[in-house]
């Protein structure tokens with residue numbers, strides 16, 4: 001039986017303008033996966049309109065779902081029951097996976113069974129089609145909690161949370177993505193790091209599309225939450241988890 005990596009994408013009605021491009025980037029991963037691996041794309045509407053899912057092709061490796069609107073974090077977590085993969089990768093509805101990204105994620109976690117998660121560098125995709133690398137990408141190698149927390153405190157968070165690939169048991173143990181109005185991708189990376197080392201992949205894992213309709217580009221984004229309170233909350237939750245002393249360990253059955 002083949003092993004699976006599940007890619008989870010949350011999308012809301014009106015936010016599906018680039019979903020077909022995201023679908024193509026997932027489809028193109030299939031040819032580069034290691035022997036014995038499959039990819040599943042789990043698309044979850046943040047809402048119940050059905051509109052964003054309507055034009056998805058009826059292919060067996062694509063799973064569709066809906067739930068009452070609660071934000072991207074809730075939508076991703078609600079997609080987890082349909083995710084058949086032992087590895088979970090996130091992909092925003094307006095972003096793209098880089099060629100070979102999933103194969104590199106699998107290879108990193110296979111080569112380093114002691115780590116519970118990995119993350120790859122990213123490229124900003126500008127409206128004119130040019131790309132710009134992330135300014136703070138760390139080098140290839142193991143990622144530790146203290147380093148990530150220091151970068152967070154300096155407002156220089158060094159990884160792109162939307163490029164997280166995590167072993168499913170760890171993600172479930174952490175309760176999925178925290179139900180925050182923003183910064184949930186940063187929070188889940190810090191939580192993963194608090195209980196398990198990770199691995200940085202230097203090769204770009206995806207393209208982060210910059211466009212006027214993206215959530216963080218809207219003027220209303222500043223009204224999402226009190227960002228000072230949000231920053232404090234994300235840090236406190238990771239720190240209290242760290243101080244419990246609990247550490248995630250891989251299940252020997254999973255290899």
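The values are calculated or read from the model by the stated rules, or taken from the named source; none is laboratory data. Here the structure is a predicted model, which means the values were calculated and not measured. Because the Cβ atoms are built from the backbone with ideal geometry, glycine has one as well, and the counts that use them run over all protein chains shown.
Here is how the numbers come out for the structure above:
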item: Single residue of 191, 167 found to be within 17 Å of residue 104 (Cα to Cα) and modelled with pLDDT of 90 or more; result: 167
item: Residues within the stretch 48-72 that are in contact (Cβ under 8 Å) with a residue 12 or more places away in the chain and not in a helix (DSSP H, G or I), tallied; result: 17
item: Scan of the stretch 21-47 for residues that are under 17 Å from residue 97 (Cα atoms), modelled with pLDDT of 95 or more and not in a strand (DSSP E or B), ordered by number; result: 21, 22, 23, 24, 25, 26, 27, 28, 29, 32, 33, 34
item: Among the candidates 248, 199, residue that is at pLDDT 95 or above, over 23 Å from residue 133 (Cβ atoms) and surrounded by 13 or more Cβ atoms within 10 Å (Cβ to Cβ); result: 248
item: Scan of the stretch 48-70 for residues that are surrounded by 19 or more Cβ atoms within 10 Å (Cβ to Cβ) and at pLDDT below 95, ordered by number; result: none
item: Residue in the stretch 83-90 that is within 16 Å of residue 162 (Cβ to Cβ) and out of contact with any strand residue (DSSP E or B) (no Cβ under 8 Å at 6 or more places or on another chain) present; result: no
item: From 166, 159, 132, residue being outside any helix (DSSP H, G or I), without any contact (Cβ under 8 Å) to a residue 12 or more places away in the chain and in contact with a strand residue (DSSP E or B) (Cβ under 7 Å, 6 or more places away or on another chain); result: 132
item: The one condition in (1) modelled with pLDDT under 95; (2) assigned to a loop (DSSP other than H, G, I, E, B) that residue 175 fails to fulfil; result: (1)
item: Residue list for the stretch 1-47, restricted to those being surrounded by fewer than 17 Cβ atoms within 10 Å (Cβ to Cβ), in contact (Cβ under 8 Å) with a residue 60 or more places away in the chain and touching a helix residue (DSSP H, G or I) at 6+ places or on another chain (Cβ under 8 Å); result: 32, 34
item: Residue tally, condition out of contact with any helix residue (DSSP H, G or I) (no Cβ under 7 Å at 6 or more places or on another chain) and part of a strand (DSSP E or B), over the stretch 178-202; result: 2
item: Hits in the stretch 73-118 (condition: within 16 Å of residue 42 (Cβ to Cβ) and in a helix (DSSP H, G or I)); result: 73, 74, 75, 76, 77, 78, 79, 80, 81, 82, 102, 105
